[in-house]
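Here's the structure, in C-alpha coordinates; my notes come after.
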Amino acid sequence: MKDLPVIFLEEMKTLLKDDFAKFEKTYEENKYLALRANTLKISKEMLKEKLNFLKEPVPWNDEGYYFDINERPAKSPLYHAGLYYIQEPSAMAVIGLSDIKPGMKVLDLCAAPGGKSINIGSKLKGEGLLVTNDISSTRAKALLKNIELFGISNALIINENQEKIYRNFPDFFDRIVVDAPCSGEGMFRKDEDLIKSWEKTRCECPDIQIDLLEKSAKMLKSGGRIIYSTCTFSRSENEDIINLFLQKHSNFRLVNISKNYGLVGGFNMEEAARLFPHNLKGEGHFLCIIEKKGKNILLNKEPNNKKTSKNKSEGYISRKSLPKEYLDFEKENLNIVLEGDFKFENNRLYKEIFTDNLEKGFKILRNGIFVGEVKVKNFVPSQQFIMNLKSTDFKKVIDFENDSSEIIKYLKGETLNIPGHEDGFYGVSVCGFLVGYGKASNEKLKNGYNKNWRML
Ligand SMILES: C[S@@+](CC[C@H](N)C(=O)[O-])C[C@H]1O[C@@H](n2cnc3c(N)ncnc32)[C@H](O)[C@@H]1O
(Lines give C-alpha, C1' and ligand atoms only; values in the text may rest on other atoms or scores of the structure.)
Protein backbone atom coordinates (compact mmCIF):
# COMPACT_ATOMS: atom_id res chain seq x y z
CA MET A 1 0.00 0.00 0.00
CA LYS A 2 1.40 3.36 -0.97
CA ASP A 3 1.68 6.27 1.44
CA LEU A 4 -1.49 8.04 0.37
CA PRO A 5 -2.39 11.44 1.89
CA VAL A 6 -4.89 11.05 4.74
CA ILE A 7 -7.07 13.90 3.45
CA PHE A 8 -7.21 12.23 0.04
CA LEU A 9 -8.39 8.94 1.56
CA GLU A 10 -11.01 10.77 3.64
CA GLU A 11 -12.31 12.56 0.55
CA MET A 12 -12.46 9.29 -1.40
CA LYS A 13 -14.44 7.67 1.43
CA THR A 14 -16.99 10.48 1.25
CA LEU A 15 -17.11 10.27 -2.54
CA LEU A 16 -17.34 6.49 -2.95
CA LYS A 17 -19.17 5.45 0.22
CA ASP A 18 -19.78 1.66 -0.01
CA ASP A 19 -17.36 1.29 -2.91
CA PHE A 20 -14.42 2.72 -0.97
CA ALA A 21 -13.10 -0.64 0.24
CA LYS A 22 -12.99 -2.00 -3.33
CA PHE A 23 -11.29 1.18 -4.48
CA GLU A 24 -8.69 1.06 -1.71
CA LYS A 25 -7.85 -2.54 -2.55
CA THR A 26 -6.79 -1.56 -6.09
CA TYR A 27 -3.64 0.02 -4.62
CA GLU A 28 -2.44 -3.50 -3.83
CA GLU A 29 -3.07 -4.66 -7.40
CA ASN A 30 -1.03 -4.23 -10.56
CA LYS A 31 -1.70 -1.37 -12.94
CA TYR A 32 -2.74 -2.15 -16.53
CA LEU A 33 -0.68 -1.30 -19.60
CA ALA A 34 -1.97 -0.70 -23.10
CA LEU A 35 -1.02 0.62 -26.51
CA ARG A 36 -2.92 2.05 -29.44
CA ALA A 37 -2.42 1.22 -33.11
CA ASN A 38 -1.51 4.26 -35.20
CA THR A 39 -4.17 3.67 -37.83
CA LEU A 40 -2.58 6.30 -40.07
CA LYS A 41 0.02 3.60 -40.71
CA ILE A 42 -1.41 0.21 -39.78
CA SER A 43 -4.80 -1.38 -39.01
CA LYS A 44 -5.47 -2.60 -35.51
CA GLU A 45 -5.84 -6.17 -36.83
CA MET A 46 -2.52 -6.11 -38.68
CA LEU A 47 -0.76 -4.74 -35.62
CA LYS A 48 -2.17 -7.59 -33.55
CA GLU A 49 -0.64 -10.05 -36.02
CA LYS A 50 2.75 -8.35 -35.73
CA LEU A 51 2.86 -8.01 -31.94
CA ASN A 52 2.18 -11.45 -30.52
CA PHE A 53 2.08 -10.20 -26.91
CA LEU A 54 -1.06 -8.11 -27.33
CA LYS A 55 -4.01 -9.20 -25.19
CA GLU A 56 -7.67 -8.17 -25.34
CA PRO A 57 -8.85 -4.87 -26.87
CA VAL A 58 -9.35 -1.79 -24.70
CA PRO A 59 -13.16 -1.59 -24.95
CA TRP A 60 -13.56 2.22 -25.04
CA ASN A 61 -11.06 2.91 -27.82
CA ASP A 62 -11.21 1.02 -31.10
CA GLU A 63 -7.43 1.28 -31.60
CA GLY A 64 -6.32 -0.01 -28.19
CA TYR A 65 -5.01 -3.31 -26.78
CA TYR A 66 -3.79 -4.31 -23.34
CA PHE A 67 -0.38 -5.91 -23.08
CA ASP A 68 1.49 -7.78 -20.42
CA ILE A 69 3.35 -5.81 -17.77
CA ASN A 70 6.59 -7.71 -18.54
CA GLU A 71 6.71 -6.59 -22.18
CA ARG A 72 8.78 -3.62 -23.42
CA PRO A 73 7.07 -2.52 -26.66
CA ALA A 74 8.97 0.79 -26.81
CA LYS A 75 12.14 -1.24 -27.51
CA SER A 76 10.75 -2.79 -30.68
CA PRO A 77 11.82 -1.40 -34.09
CA LEU A 78 8.12 -1.38 -34.99
CA TYR A 79 7.65 1.33 -32.36
CA HIS A 80 10.33 3.37 -34.15
CA ALA A 81 8.26 3.01 -37.32
CA GLY A 82 5.46 4.91 -35.51
CA LEU A 83 3.04 1.98 -35.58
CA TYR A 84 1.73 2.33 -32.02
CA TYR A 85 1.60 4.66 -29.05
CA ILE A 86 1.85 3.37 -25.50
CA GLN A 87 -0.91 4.94 -23.43
CA GLU A 88 -2.60 4.38 -20.09
CA PRO A 89 -5.85 2.53 -20.93
CA SER A 90 -8.31 4.90 -19.19
CA ALA A 91 -6.66 7.88 -20.91
CA MET A 92 -7.68 6.27 -24.21
CA ALA A 93 -11.35 6.96 -23.39
CA VAL A 94 -10.98 10.69 -23.99
CA ILE A 95 -10.60 10.53 -27.77
CA GLY A 96 -11.98 6.99 -28.05
CA LEU A 97 -15.42 8.22 -26.91
CA SER A 98 -15.35 11.52 -28.78
CA ASP A 99 -16.81 12.06 -32.24
CA ILE A 100 -13.84 13.67 -33.98
CA LYS A 101 -14.18 13.21 -37.75
CA PRO A 102 -11.93 13.78 -40.78
CA GLY A 103 -12.02 17.40 -41.94
CA MET A 104 -12.63 18.95 -38.52
CA LYS A 105 -10.51 21.69 -36.99
CA VAL A 106 -9.45 20.42 -33.60
CA LEU A 107 -7.49 22.12 -30.83
CA ASP A 108 -5.68 19.99 -28.26
CA LEU A 109 -5.00 22.71 -25.71
CA CYS A 110 -2.90 20.84 -23.11
CA ALA A 111 -1.34 18.28 -25.34
CA ALA A 112 2.16 17.18 -24.27
CA PRO A 113 3.50 14.56 -24.61
CA GLY A 114 0.80 13.96 -27.20
CA GLY A 115 -1.17 10.81 -26.39
CA LYS A 116 -4.50 12.42 -27.23
CA SER A 117 -3.08 14.38 -30.17
CA ILE A 118 -1.78 11.22 -31.85
CA ASN A 119 -5.25 9.71 -31.43
CA ILE A 120 -6.87 12.87 -32.85
CA GLY A 121 -4.42 12.67 -35.78
CA SER A 122 -5.55 9.14 -36.61
CA LYS A 123 -9.24 10.13 -36.36
CA LEU A 124 -8.69 13.08 -38.72
CA LYS A 125 -7.00 10.76 -41.27
CA GLY A 126 -4.89 13.65 -42.58
CA GLU A 127 -7.97 15.78 -43.39
CA GLY A 128 -8.67 19.01 -41.51
CA LEU A 129 -6.40 20.64 -38.97
CA LEU A 130 -4.99 19.71 -35.58
CA VAL A 131 -3.66 22.62 -33.56
CA THR A 132 -1.75 21.05 -30.71
CA ASN A 133 -0.36 23.07 -27.83
CA ASP A 134 1.43 22.88 -24.53
CA ILE A 135 2.42 25.80 -22.34
CA SER A 136 5.62 24.08 -21.20
CA SER A 137 8.44 24.47 -23.70
CA THR A 138 10.23 21.30 -22.55
CA ARG A 139 7.07 19.21 -22.75
CA ALA A 140 6.19 20.77 -26.12
CA LYS A 141 9.45 19.32 -27.50
CA ALA A 142 8.27 15.81 -26.61
CA LEU A 143 4.99 16.65 -28.33
CA LEU A 144 6.85 17.70 -31.48
CA LYS A 145 8.80 14.45 -31.57
CA ASN A 146 5.64 12.39 -31.21
CA ILE A 147 3.79 14.26 -33.95
CA GLU A 148 6.80 13.65 -36.20
CA LEU A 149 7.23 9.99 -35.27
CA PHE A 150 3.57 9.13 -35.81
CA GLY A 151 3.48 10.77 -39.24
CA ILE A 152 0.79 13.38 -38.58
CA SER A 153 0.96 15.76 -41.53
CA ASN A 154 -1.83 18.20 -40.65
CA ALA A 155 -0.67 19.55 -37.29
CA LEU A 156 0.26 23.04 -36.21
CA ILE A 157 2.32 22.57 -33.05
CA ILE A 158 2.42 25.58 -30.77
CA ASN A 159 3.82 26.53 -27.35
CA GLU A 160 1.52 29.27 -26.07
CA ASN A 161 -0.78 30.36 -23.27
CA GLN A 162 -4.55 30.18 -23.63
CA GLU A 163 -4.96 33.97 -23.81
CA LYS A 164 -2.80 34.29 -26.89
CA ILE A 165 -4.29 31.24 -28.58
CA TYR A 166 -7.82 32.54 -28.21
CA ARG A 167 -6.85 35.99 -29.58
CA ASN A 168 -5.68 34.24 -32.74
CA PHE A 169 -8.41 31.64 -33.14
CA PRO A 170 -11.81 33.17 -32.25
CA ASP A 171 -14.85 31.00 -33.26
CA PHE A 172 -12.53 28.69 -35.13
CA PHE A 173 -12.60 25.10 -33.86
CA ASP A 174 -15.11 22.25 -34.28
CA ARG A 175 -13.69 20.38 -31.28
CA ILE A 176 -11.44 21.47 -28.42
CA VAL A 177 -9.82 18.93 -26.14
CA VAL A 178 -8.99 20.28 -22.69
CA ASP A 179 -7.02 17.51 -21.03
CA ALA A 180 -6.46 19.81 -18.12
CA PRO A 181 -3.51 19.97 -15.74
CA CYS A 182 -4.85 18.44 -12.52
CA SER A 183 -3.85 17.04 -9.16
CA GLY A 184 -3.43 13.58 -10.75
CA GLU A 185 -5.15 11.54 -8.01
CA GLY A 186 -6.25 8.99 -10.58
CA MET A 187 -2.61 8.20 -11.41
CA PHE A 188 -1.25 7.75 -7.85
CA ARG A 189 -1.00 4.01 -8.49
CA LYS A 190 1.02 4.61 -11.64
CA ASP A 191 3.19 7.57 -10.66
CA GLU A 192 4.06 8.10 -6.99
CA ASP A 193 5.67 11.48 -7.67
CA LEU A 194 2.17 12.89 -8.11
CA ILE A 195 1.51 12.15 -4.44
CA LYS A 196 4.35 14.47 -3.44
CA SER A 197 3.05 17.44 -5.44
CA TRP A 198 -0.62 16.80 -4.62
CA GLU A 199 -1.07 19.42 -1.84
CA LYS A 200 0.13 22.13 -4.21
CA THR A 201 -1.56 21.04 -7.44
CA ARG A 202 -5.00 20.48 -5.88
CA CYS A 203 -5.04 24.14 -4.80
CA GLU A 204 -3.66 25.63 -8.00
CA CYS A 205 -5.41 23.60 -10.68
CA PRO A 206 -9.08 24.70 -10.44
CA ASP A 207 -8.29 28.33 -11.38
CA ILE A 208 -6.31 27.19 -14.43
CA GLN A 209 -8.98 24.66 -15.39
CA ILE A 210 -11.78 27.23 -15.40
CA ASP A 211 -9.67 29.70 -17.35
CA LEU A 212 -8.84 27.04 -19.96
CA LEU A 213 -12.57 26.40 -20.38
CA GLU A 214 -13.37 30.13 -20.60
CA LYS A 215 -10.86 30.65 -23.39
CA SER A 216 -11.96 27.46 -25.15
CA ALA A 217 -15.57 28.70 -25.20
CA LYS A 218 -14.44 31.72 -27.22
CA MET A 219 -12.51 29.60 -29.71
CA LEU A 220 -15.35 27.19 -30.40
CA LYS A 221 -17.71 27.45 -33.37
CA SER A 222 -21.44 27.37 -32.81
CA GLY A 223 -22.39 23.66 -32.59
CA GLY A 224 -18.83 22.78 -31.59
CA ARG A 225 -17.85 20.68 -28.57
CA ILE A 226 -15.34 20.89 -25.75
CA ILE A 227 -14.04 17.57 -24.47
CA TYR A 228 -12.91 18.18 -20.89
CA SER A 229 -10.91 15.54 -19.06
CA THR A 230 -8.72 15.09 -16.01
CA CYS A 231 -6.99 12.17 -14.36
CA THR A 232 -8.17 13.15 -10.90
CA PHE A 233 -11.07 12.06 -8.69
CA SER A 234 -11.70 15.33 -6.90
CA ARG A 235 -15.12 16.85 -7.63
CA SER A 236 -13.61 20.32 -7.30
CA GLU A 237 -11.57 19.74 -10.49
CA ASN A 238 -14.31 17.91 -12.36
CA GLU A 239 -18.08 18.30 -11.90
CA ASP A 240 -17.66 21.55 -9.91
CA ILE A 241 -15.61 23.13 -12.69
CA ILE A 242 -18.15 22.11 -15.31
CA ASN A 243 -21.06 23.39 -13.19
CA LEU A 244 -19.32 26.70 -12.64
CA PHE A 245 -18.79 27.01 -16.37
CA LEU A 246 -22.38 26.05 -17.27
CA GLN A 247 -23.78 28.57 -14.76
CA LYS A 248 -21.94 31.32 -16.60
CA HIS A 249 -22.60 30.03 -20.12
CA SER A 250 -26.26 29.25 -20.77
CA ASN A 251 -25.37 28.74 -24.45
CA PHE A 252 -23.61 25.44 -23.58
CA ARG A 253 -25.18 22.05 -22.80
CA LEU A 254 -23.90 18.72 -21.54
CA VAL A 255 -23.67 15.87 -24.07
CA ASN A 256 -24.33 12.38 -22.76
CA ILE A 257 -21.42 9.90 -22.88
CA SER A 258 -22.63 6.27 -23.13
CA LYS A 259 -21.83 4.23 -20.05
CA ASN A 260 -20.55 0.81 -21.01
CA TYR A 261 -17.61 -1.32 -19.91
CA GLY A 262 -17.67 -0.17 -16.28
CA LEU A 263 -17.83 3.57 -16.94
CA VAL A 264 -20.24 5.37 -14.60
CA GLY A 265 -21.86 8.81 -14.62
CA GLY A 266 -20.41 11.83 -12.84
CA PHE A 267 -21.59 12.92 -9.38
CA ASN A 268 -24.93 14.66 -9.94
CA MET A 269 -23.89 14.85 -13.58
CA GLU A 270 -25.07 11.65 -15.26
CA GLU A 271 -23.95 12.84 -18.74
CA ALA A 272 -20.27 12.93 -17.73
CA ALA A 273 -18.20 9.75 -17.34
CA ARG A 274 -16.05 8.54 -14.49
CA LEU A 275 -13.52 5.74 -14.82
CA PHE A 276 -12.64 4.13 -11.49
CA PRO A 277 -9.92 1.46 -11.11
CA HIS A 278 -12.25 -0.78 -9.08
CA ASN A 279 -14.78 -0.89 -11.96
CA LEU A 280 -12.52 -1.45 -14.96
CA LYS A 281 -9.01 -2.21 -16.19
CA GLY A 282 -7.44 1.24 -16.01
CA GLU A 283 -6.64 4.15 -13.72
CA GLY A 284 -8.90 7.02 -12.61
CA HIS A 285 -10.27 9.47 -15.14
CA PHE A 286 -13.05 12.03 -15.60
CA LEU A 287 -14.52 12.92 -18.97
CA CYS A 288 -17.19 15.40 -19.94
CA ILE A 289 -18.43 16.78 -23.27
CA ILE A 290 -20.11 20.19 -23.55
CA GLU A 291 -21.62 21.63 -26.72
CA LYS A 292 -22.04 25.23 -27.78
CA LYS A 293 -25.70 25.61 -28.72
CA GLY A 294 -26.75 27.21 -31.98
CA LYS A 295 -26.61 26.61 -35.68
CA ASN A 296 -24.27 23.79 -36.48
CA ILE A 297 -21.65 25.28 -38.78
CA LEU A 298 -19.12 22.51 -38.40
CA LEU A 299 -17.06 21.07 -41.17
CA ASN A 300 -17.72 24.06 -43.39
CA LYS A 301 -16.31 23.46 -46.76
CA GLU A 302 -13.46 25.94 -47.07
CA PRO A 303 -10.23 24.11 -47.87
CA ASN A 304 -8.42 23.02 -44.73
CA ASN A 305 -8.04 25.90 -42.35
CA LYS A 306 -8.11 28.93 -44.58
CA LYS A 307 -10.21 31.78 -43.20
CA THR A 308 -9.89 34.15 -46.16
CA SER A 309 -7.22 34.36 -48.80
CA LYS A 310 -6.67 37.95 -47.65
CA ASN A 311 -5.33 36.61 -44.39
CA LYS A 312 -2.90 34.20 -46.05
CA SER A 313 0.62 34.88 -44.89
CA GLU A 314 3.30 35.80 -47.38
CA GLY A 315 6.25 33.86 -48.69
CA TYR A 316 4.58 30.76 -50.14
CA ILE A 317 6.07 29.34 -53.30
CA SER A 318 4.55 27.06 -55.90
CA ARG A 319 5.83 23.62 -56.77
CA LYS A 320 7.62 24.90 -59.83
CA SER A 321 9.66 27.30 -57.65
CA LEU A 322 10.86 24.55 -55.33
CA PRO A 323 14.66 24.34 -55.01
CA LYS A 324 16.24 22.34 -57.81
CA GLU A 325 18.00 20.17 -55.21
CA TYR A 326 14.63 18.99 -53.85
CA LEU A 327 13.11 18.41 -57.29
CA ASP A 328 16.17 16.39 -58.35
CA PHE A 329 16.02 14.37 -55.12
CA GLU A 330 12.33 13.65 -55.61
CA LYS A 331 12.75 12.64 -59.27
CA GLU A 332 15.68 10.33 -58.56
CA ASN A 333 14.48 8.68 -55.37
CA LEU A 334 10.75 8.99 -54.82
CA ASN A 335 7.56 7.85 -56.51
CA ILE A 336 5.59 10.87 -55.32
CA VAL A 337 4.98 14.41 -56.49
CA LEU A 338 4.78 16.63 -53.43
CA GLU A 339 2.05 19.28 -53.61
CA GLY A 340 1.02 21.92 -51.11
CA ASP A 341 1.78 25.32 -49.62
CA PHE A 342 5.58 25.49 -49.56
CA LYS A 343 8.01 27.82 -47.85
CA PHE A 344 11.74 27.79 -48.43
CA GLU A 345 13.63 29.73 -45.77
CA ASN A 346 17.28 29.56 -44.72
CA ASN A 347 17.75 26.56 -47.03
CA ARG A 348 14.96 24.67 -45.23
CA LEU A 349 11.89 23.48 -47.09
CA TYR A 350 8.48 23.32 -45.40
CA LYS A 351 5.08 22.10 -46.55
CA GLU A 352 2.74 24.05 -44.31
CA ILE A 353 -0.78 23.21 -43.20
CA PHE A 354 -1.86 26.49 -41.62
CA THR A 355 -1.43 29.37 -44.03
CA ASP A 356 -3.12 32.29 -42.23
CA ASN A 357 -1.28 35.03 -40.42
CA LEU A 358 -0.84 34.72 -36.67
CA GLU A 359 0.15 37.59 -34.39
CA LYS A 360 3.82 38.54 -34.22
CA GLY A 361 5.80 36.45 -31.76
CA PHE A 362 3.29 33.55 -31.71
CA LYS A 363 5.37 30.48 -30.81
CA ILE A 364 5.16 27.84 -33.53
CA LEU A 365 7.21 24.66 -33.19
CA ARG A 366 6.08 23.14 -36.45
CA ASN A 367 3.55 24.01 -39.11
CA GLY A 368 2.81 20.90 -41.19
CA ILE A 369 5.93 19.15 -42.44
CA PHE A 370 9.58 20.14 -42.39
CA VAL A 371 10.57 18.44 -45.65
CA GLY A 372 14.34 18.81 -45.41
CA GLU A 373 17.22 21.11 -46.16
CA VAL A 374 19.63 21.96 -48.90
CA LYS A 375 23.19 21.35 -47.76
CA VAL A 376 26.14 21.89 -50.10
CA LYS A 377 23.98 21.53 -53.20
CA ASN A 378 22.31 18.35 -51.95
CA PHE A 379 18.85 17.86 -50.54
CA VAL A 380 18.80 16.12 -47.15
CA PRO A 381 15.32 14.84 -46.22
CA SER A 382 14.15 15.35 -42.64
CA GLN A 383 13.15 12.51 -40.33
CA GLN A 384 9.65 13.99 -40.20
CA PHE A 385 9.30 13.87 -43.98
CA ILE A 386 10.37 10.22 -44.01
CA MET A 387 7.85 9.36 -41.29
CA ASN A 388 5.14 10.84 -43.50
CA LEU A 389 6.05 8.59 -46.43
CA LYS A 390 5.27 4.94 -47.14
CA SER A 391 7.99 2.51 -48.16
CA THR A 392 6.35 2.30 -51.61
CA ASP A 393 7.02 6.04 -52.00
CA PHE A 394 10.76 5.26 -52.22
CA LYS A 395 12.22 3.86 -55.45
CA LYS A 396 14.73 1.78 -53.49
CA VAL A 397 14.13 0.30 -50.05
CA ILE A 398 16.09 -1.92 -47.70
CA ASP A 399 13.70 -3.85 -45.51
CA PHE A 400 14.50 -5.72 -42.29
CA GLU A 401 12.59 -8.13 -40.10
CA ASN A 402 11.59 -6.86 -36.67
CA ASP A 403 14.02 -9.22 -34.95
CA SER A 404 16.99 -8.53 -37.23
CA SER A 405 20.20 -7.30 -35.60
CA GLU A 406 20.76 -4.98 -38.61
CA ILE A 407 17.68 -2.86 -37.90
CA ILE A 408 18.84 -2.40 -34.30
CA LYS A 409 22.26 -1.29 -35.59
CA TYR A 410 20.53 1.13 -37.94
CA LEU A 411 18.40 2.58 -35.12
CA LYS A 412 21.57 3.01 -33.05
CA GLY A 413 23.07 5.12 -35.82
CA GLU A 414 25.62 2.62 -37.16
CA THR A 415 26.80 2.24 -40.76
CA LEU A 416 25.51 -1.02 -42.30
CA ASN A 417 27.19 -3.41 -44.70
CA ILE A 418 24.85 -3.99 -47.62
CA PRO A 419 26.51 -6.39 -50.08
CA GLY A 420 24.92 -6.48 -53.52
CA HIS A 421 23.20 -3.09 -53.26
CA GLU A 422 23.89 -0.37 -55.81
CA ASP A 423 24.81 3.17 -54.74
CA GLY A 424 22.10 5.74 -54.02
CA PHE A 425 19.37 6.73 -51.59
CA TYR A 426 17.36 4.01 -49.85
CA GLY A 427 14.36 4.09 -47.62
CA VAL A 428 15.01 1.88 -44.58
CA SER A 429 12.03 -0.08 -43.32
CA VAL A 430 11.04 -2.73 -40.80
CA CYS A 431 8.42 -5.24 -41.99
CA GLY A 432 7.61 -2.79 -44.80
CA PHE A 433 7.22 0.31 -42.56
CA LEU A 434 9.70 3.15 -42.97
CA VAL A 435 11.93 4.12 -40.06
CA GLY A 436 14.43 6.28 -41.94
CA TYR A 437 16.75 6.44 -44.93
CA GLY A 438 20.37 5.86 -45.81
CA LYS A 439 22.78 6.64 -48.60
CA ALA A 440 24.58 3.67 -50.11
CA SER A 441 28.07 3.86 -51.47
CA ASN A 442 30.44 0.91 -52.10
CA GLU A 443 28.05 -1.55 -50.43
CA LYS A 444 27.91 0.45 -47.21
CA LEU A 445 24.83 2.32 -46.02
CA LYS A 446 25.58 5.71 -44.47
CA ASN A 447 23.01 6.16 -41.73
CA GLY A 448 20.45 8.94 -42.18
CA TYR A 449 18.50 8.24 -38.98
CA ASN A 450 17.87 11.34 -36.84
CA LYS A 451 20.70 11.50 -34.30
CA ASN A 452 18.37 12.66 -31.55
CA TRP A 453 16.08 9.66 -32.02
CA ARG A 454 18.73 6.97 -31.79
CA MET A 455 18.05 3.86 -29.78
CA LEU A 456 20.33 3.76 -26.75
C1 LIG B 1 -2.62 15.91 -18.31
S2 LIG B 1 -1.23 16.61 -19.06
C3 LIG B 1 -1.59 16.42 -20.76
C4 LIG B 1 -1.43 15.01 -21.29
C5 LIG B 1 -1.66 14.96 -22.79
N6 LIG B 1 -2.96 15.47 -23.16
C7 LIG B 1 -1.51 13.57 -23.36
O8 LIG B 1 -2.51 12.92 -23.63
O9 LIG B 1 -0.36 13.14 -23.57
C10 LIG B 1 -1.53 18.32 -18.85
C11 LIG B 1 -0.62 19.24 -19.64
O12 LIG B 1 -1.11 20.56 -19.51
C13 LIG B 1 -0.03 21.43 -19.65
N14 LIG B 1 -0.49 22.76 -19.18
C15 LIG B 1 -0.55 23.24 -17.94
N16 LIG B 1 -1.08 24.49 -17.94
C17 LIG B 1 -1.38 24.78 -19.23
C18 LIG B 1 -1.94 25.90 -19.90
N19 LIG B 1 -2.31 26.97 -19.23
N20 LIG B 1 -2.07 25.86 -21.23
C21 LIG B 1 -1.68 24.76 -21.92
N22 LIG B 1 -1.15 23.66 -21.35
C23 LIG B 1 -1.01 23.68 -20.02
C24 LIG B 1 1.08 20.77 -18.87
O25 LIG B 1 2.34 21.24 -19.27
C26 LIG B 1 0.84 19.29 -19.19
O27 LIG B 1 1.66 18.89 -20.25
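The values are calculated or read from the model by the stated rules, or taken from the named source; none is laboratory data. This one's a predicted model, so the numbers in the text were calculated from it and none came from an experiment. FYI the Cβ positions are ideal-geometry reconstructions off the backbone, even for glycines, and counts take in every protein chain you see.
Would you say residue 336 is touching a helix residue (DSSP H, G or I) at 6+ places or on another chain (Cβ under 6 Å) and assigned to a loop (DSSP other than H, G, I, E, B)? Please lay out each step first, then the result.
On the way: touching a helix residue (DSSP H, G or I) at 6+ places or on another chain (Cβ under 6 Å): yes; assigned to a loop (DSSP other than H, G, I, E, B): yes.
It is true that residue 336 is touching a helix residue (DSSP H, G or I) at 6+ places or on another chain (Cβ under 6 Å) and assigned to a loop (DSSP other than H, G, I, E, B).
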Quiz prompt | segment 92-144, subset surrounded by fewer than 18 Cβ atoms within 10 Å (Cβ to Cβ) and in contact with a Pro (Cβ under 8 Å, 6 or more places away or on another chain), residue farthest from residue 362 (Cα to Cα) | solution = 125
Quiz item: Quick one: residue 245 ticks every box in (1) at pLDDT 95 or above; (2) aromatic (Phe, Trp, Tyr); (3) surrounded by fewer than 23 Cβ atoms within 10 Å (Cβ to Cβ); (4) over 26 Å from residue 105 (Cα atoms) bar one, so which box is it?
Solution: (4)
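For residue 449, indicate whether it is aromatic (Phe, Trp, Tyr) and in a loop (DSSP other than H, G, I, E, B). Don't jump to the end; show me each part of the working.
Details: aromatic (Phe, Trp, Tyr): yes; in a loop (DSSP other than H, G, I, E, B): yes.
Yes.
When segment 352-364 is examined, which residues are found to be closer than 22 Å to residue 121 by Cα and surrounded by 19 or more Cβ atoms within 10 Å (Cβ to Cβ)? Give the steps one after another, and end with the answer.
Of segment 352-364, the ones closer than 22 Å to residue 121 by Cα are 352-356, 363-364.
Scanning segment 352-364 gives 352, 353, 354, 355.
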Practice problem: Output the strands (runs of 3 or more DSSP E) that fall wholly within segment 75-187 and possess 2 or more residues being within 20 Å of residue 354 (Cβ to Cβ) and not assigned by TED's automatic domain parsing to the domain that holds residue 369, or say none. | Solution: 105-108, 129-133, 155-158, 173-179
Quiz item: Restricting attention to segment 224-244, and to residues there that are among the hydrophobic types (A, V, I, L, M, F, W, C) and over 10 Å from residue 288 (Cβ atoms), which single residue is farthest from the ligand (Cβ to nearest atom)?
Solution: 244
Quiz item: Taking segment 378-432, which residues are surrounded by fewer than 19 Cβ atoms within 10 Å (Cβ to Cβ), in contact (Cβ under 8 Å) with a residue 60 or more places away in the chain and in a helix (DSSP H, G or I)?
Solution: 408
Quiz item: Can you tell me how many residues in segment 189-228 are within 19 Å of residue 12 (Cβ to Cβ) and under 23 Å from the mean Cα position of the chain (by Cα)?
Solution: 4
